[in-house]
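To start, the structure under review is shown below, and the notes come after it.
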Amino acid sequence: MRTAVTAVQDSVEERDLTFEGFAYTCRIVHQDAPRTAPLLLLGGSSQDRYSWQSHERWLAPLCTLITVDLPGYGSSDFLPAHYGIDFLADAVQHMLTEIDVPEVNLFGGCFGEVVGLRFAQRHPEPVRRIVFGGAAIRLPDIYTDAVPRVSRALERGDIEGAAEGLVRLFMSNPGAGKVRRHAAVARLLHRQFMNQTPDELRKAVEHNTRLVTHGCYEPLPVPDVPSLVFTGEYDTLCTPEMGRELAATMPSARFTTVKETDHLVTVERSQESADLIGRFCTDRPIDGLPYCGTVESPCADTVHATACR
């Protein structure tokens, strides 16, 4: 295992790390006067360590921010699909040890929630707060139905067909309800998929294989820390009901929806989602926010207490 500082600019640092023979890179935006523990942001499968730069203007004043291209994602080494979610969760803990960060507030969005939850289950000691967005504890049927088609399109080089399928998967039907910047975000997503390099396409195919092979959830204990799950009110991939289902498995977790968004909530309403994450991580009220629905407590409302463990 190795670690090296590859770049430092003002308060931003990048670190090259190696875990079990696989090289990967993390990005650290330092805050010298933090109001809370460092915030670890684990994004979706199509996001990398730079995807959260637009959120930094609102989050960086609060705390140190950490993003990472885990093995198999972004610019990091290709990771064969037989390495599952446990491996990625352990890589997160390896990173925190190597960069000497003993505690974090954890955010996981979409696939980042899958890795983040497993990390919190396997390594609860560093976790101070948990926020999950666009999350579920089971693979959505529309995902498992779409994966073979998208993977076949990618394997035969039909990037256009794969891009169209992925946009349909991640974006809600325009008739579902008003979604902020729906058309613009759909174009952005399509362009992002079309511009993928051969390395990124290979990793995308392997990611789908990994997730379908290993699944996204293990019923292990979750640390009893302040927790929040939110979804877009029109999310058709990881629906609000799926978000409530996840929150019900987490001790004391709260749940809410972000208005006028779908699965791409952190893109469609970036300032509001950053505000929600920042508020929760600094123990400020989240009830009654104009951009959110009612804040619920699914675990407390569950009839059988074992569902909350």
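The values are calculated or read from the model by the stated rules, or taken from the named source; none is laboratory data. Keep in mind the model is a prediction, meaning the values are calculated, not measured. Note that we place each Cβ from the backbone using ideal geometry, even for glycine, and neighbour counts take in every protein chain shown. What goes into the accessible areas is simple: the full protein's heavy atoms, side chains included, and nothing from ligands, DNA or RNA. Shrake-Rupley method; radii C 1.70, N 1.55, O 1.52, S 1.80 Å.
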Closer than 20 Å to Asn105 by Cβ and surrounded by fewer than 21 Cβ atoms within 10 Å (Cβ to Cβ), is that true of Asp199? no
Does the stretch 144-151 include one or more residues that are within 20 Å of the chain's Cα centre (by Cα), open to solvent by less than 80 Å² (accessible area, probe 1.4 Å) and of a type in the set (Ser, Thr, Tyr)? yes
Considering Phe107, Phe111, which residue is in contact with a strand residue (DSSP E or B) (Cβ under 7 Å, 6 or more places away or on another chain), closer than 25 Å to Thr231 by Cα and aromatic (Phe, Trp, Tyr)? Phe107
Residue check for Val179: open to solvent by less than 40 Å² (accessible area, probe 1.4 Å), hydrophobic (A, V, I, L, M, F, W, C), out of contact with any Lys or Arg (no Cβ under 7 Å at 6 or more places or on another chain) and farther than 18 Å from Gly232 by Cβ: no
Checked the stretch 175-217 for anything among the basic types (Lys, Arg) and more than 18 Å from the chain's Cα centre (by Cα); matches are Lys178, Arg180, Arg181, Arg187, Arg191, Arg202
Taking only pairs six or more apart or across chains, which ones have beta-carbon atoms under 9 Å, a first residue in the stretch 150-175 that is within 17 Å of Lys203 (Cβ to Cβ), and a second residue that is among the aromatic types (Phe, Trp, Tyr)? Ile159/Phe193; Ala162/Phe193; Ala163/Phe193; Leu166/Phe193
Scan the stretch 46-66 and give yes if some residue there is of a type in the set (Lys, Arg), buried (at least 19 other Cβ atoms within 10 Å of the Cβ) and in contact (Cβ under 8 Å) with a residue 24 or more places away in the chain, otherwise no. yes
Looking at the stretch 201-309, what helices (runs of 4 or more DSSP H) fall wholly within it and have at least 3 residues that are of a type in the set (S, T, N, Q) and either on the phi < 0 side of the Ramachandran plot or touching a His at 6+ places or on another chain (Cβ under 6 Å) (or both)? 270-281
I need the full set of residues from the stretch 246-293 which are polar (S, T, N, Q), open to solvent by less than 20 Å² (accessible area, probe 1.4 Å) and over 19 Å from Ser172 (Cα atoms), in order please. Thr249
